[in-house]
Amino acid sequence: MRIDKNKIEDKNNKELTQHKESFDFLSNSLSKNGHNVDNIITKLADFQVAIPSWALGAGGTRFGRFSYGGEPSSLEEKINDIGVIHSLTQTAGAISLHIPWDIPKDYNAIKELANSHDIVFDAVNSNTFQDQKNAKESYKFGSLSNISKAVRDQAIQHNIDVVNIGEKLGSKSITVWLADGSCFPGQHNFQTALQNTQDGLKDIHNHLPNDWKMFIEYKPYEPNFYSTVIQDWGTSFMLANACGEKAFSLVDLGHHLPNSNIEQIVSTLMMKGKLGGFHFNDSKYGDDDITVGCIKPYALFLIFNELVYGMENNKNNPDLAWMIDASHNVKDPLEDLMQSLEAIQEAYAKALLVDQKQLKAAQQDNDVVKCQELIQNAYRTDVRPLIQRARLIKDGALNPIQTYRSLNIRENLIKKRGENVVATGL
Ligand code: RM4
Ligand code: MN
Ligand code: MN
């Protein structure tokens with residue numbers, strides 16, 4: 001399903017006067033305070049976030065899964081769904097594939113389809129946390145960390161296969177997330193598991209094409225309950241250093257123990273030039289994978305404040321791969337993803353409003369109150385008109401969710417695909 005541009009424009013026209021009023025008001029006051037509004041809008045319009053191929057259907061929990069009508073049942077349909085989100089938001093111009101959940105059958109056709117939606121292929125993701133059909137070896141007791149060489153070799157080969165698939169699509173990076181770890185104390189030897197993992201990652205790294213990157217994701221627990229081999233950013237950073245130049249750490253917002261200072265982690269990794277990618281989501285307790293910014297929008301803003309600082313000051317750090325890693329149990333997945341995109345843009349826009357010069361001066365003076373004022377003034381600004389303007393100049397919708405609803409997109413998808421289809425994914 002494709003959205004007719006004219007329909008978006010018609011809807012925008014009805015909302016234009018209101019948008020202009022709020023935009024002019026905000027833009028005037030920001031300009032008076034020394035901000036370059038055009039520059040901010042260009043940055044927002046350029047900011048693209050990948051949508052994972054596994055997040056377009058309803059997600060499940062270990063207690064069950066409730067389908068959402070009209071879910072995509074093929075990679076083609078998933079790309080079409082991202083096309084819908086992208087034409088409305090102009091922020092979702094990339095897809096991140098999970099292999100083997102979404103192996104293309106016809107590479108040229110898939111590339112053409114994505115291209116017709118203005119979507120590129122972002123990082124590919126390997127999967128060694130499930131046993132695949134007809135696989136010789138089982139990952140029940142780990143993949144790269146496994147005590148069996150045959151299992152480790154199979155896992156390494158899988159990652160190489162994933163890179164080869166990604167190459168055919170124009171991807172330039174692979175994200176490795178391992179479920180490896182132990183459920184009980186004493187189950188495995190920490191050092192052996194870490195050593196095996198490091199050796200395996202090095203092997204994968206050495207197989208990467210020259211212009212590729214490898215992102216190493218960490219997570220403190222789940223599905224293993226007692227320990228994970230790559231439990232935190234320090235372990236991921238250490239492994240990335242051991243692997244070499246093409247290896248980086250990946251921060252998934254849900255992969256920290258409660259109250260971790262994620263913004264400081266981001267800052268440290270960027271200073272060392274080793275932050276490669278980012279998975280957005282939000283959570284209350286664990287790796288809940290819920291809508292970005294729905295629980296801790298201020299923390300998200302503080303993270304973006306460090307990202308903005310790092311993008312300006314840490315030129316040794318590569319451009320980041322942005323992705324939403326979320327799961328939708330009770331909401332329309334497309335609406336949920338649009339809410340996440342809005343929250344990301346909002347945090348980014350607010351971070352761009354932090355006056356870095358004044359902040360530095362206040363820090364030099366140890367003026368703690370002023371520092372807080374500067375940060376919070378930016379956070380308290382309602383930046384939504386800026387985000388709307390960034391969408392408008394790219395022919396997106398002023399109000400994506402309202403437009404999506406007024407065009408009855410979900411109803412049409414259900415008519416076309418049926419009430420009870422199940423997408424692959426979480
Ligand atoms: C993990 C992790 C990975 C994602 C899988 C499906 O918790 O966040 O990024 O690939 O879930
Ligand atoms: Mn993730
Ligand atoms: Mn996760």
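Readers should treat all values here as calculations from the given coordinates under stated rules, not as data from a laboratory. Here the structure is a predicted model, which means the values were calculated and not measured. When we count neighbours, we look across all protein chains shown, and the Cβ atoms used for this are built from the backbone with ideal geometry, even at glycine.
Tabulated data for the structure shown
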quantity: Amide H partners (placed H, <5 Å) of Ser143, local residues excluded; calculated: Asp180
quantity: Potential extension, Ser31-Asp118 segment - 0.36 nm per residue separation minus Cα distance; calculated: 28.1 nm
quantity: Three-way shape call for the stretch 180-285 based on the alpha-carbon gyration tensor, with the a/c threshold at 1.5; calculated: oblate
quantity: Computed label-point distance, nm, for sites Asp153 and Asn241 using a 7 Å Cα→Cβ extension; calculated: 3.3 nm
quantity: Peptides ranked, highest mean first, by Cβ atoms within 10 Å: ranges 310-316, 47-53; calculated: 47-53, 310-316
quantity: Highest-first arrangement of 88-99, 235-246, where packing means the average Cβ count within 10 Å; calculated: 88-99, 235-246
quantity: Gyration tensor verdict on the stretch 201-342 (Cα atoms; rounded if a/c is under 1.5, prolate if a/b is larger than b/c, oblate otherwise); calculated: prolate
quantity: Residue-span extension gain [Cys183 to Arg65] - 0.36 nm each, minus C-alpha spacing; calculated: 40.0 nm
quantity: Shape category assigned to the chain from the gyration tensor of Cα positions, a/c cut at 1.5; calculated: oblate
quantity: Spin-label pair Ser22/Asn210, simplified geometry with 7 Å Cα→Cβ offset, distance in nm; calculated: 5.0 nm
quantity: Label-point separation, Asp10 to Glu419 (7 Å along Cα→Cβ), nm; calculated: 2.9 nm
quantity: Considering only the chain, percent of DSSP beta bridges that pair antiparallel, nearest 5; calculated: 15 percent
quantity: Protection proxy ranking, peptides 373-380, 251-258, average beta carbon neighbours within 10 Å, highest first; calculated: 251-258, 373-380
quantity: Computed FRET value (nearest 0.05) for Glu312 with Lys284, which takes r as the C-beta separation and R₀ as 41 Å; calculated: 0.80
quantity: Cβ-Cβ FRET estimate between Ala135 and Asn39, R0 fixed at 60 Å, reported to 0.05; calculated: 0.75
quantity: Partner lysines for Lys315 [C-alpha distance under 24 Å; skip if fewer than 8 residues away on the same chain]; calculated: Lys43, Lys172, Lys213, Lys246, Lys272, Lys274, Lys350, Lys357, Lys360
quantity: DSSP-defined beta bridges in the stretch 164-275 - what % are antiparallel, rounded to 5; calculated: 20 percent
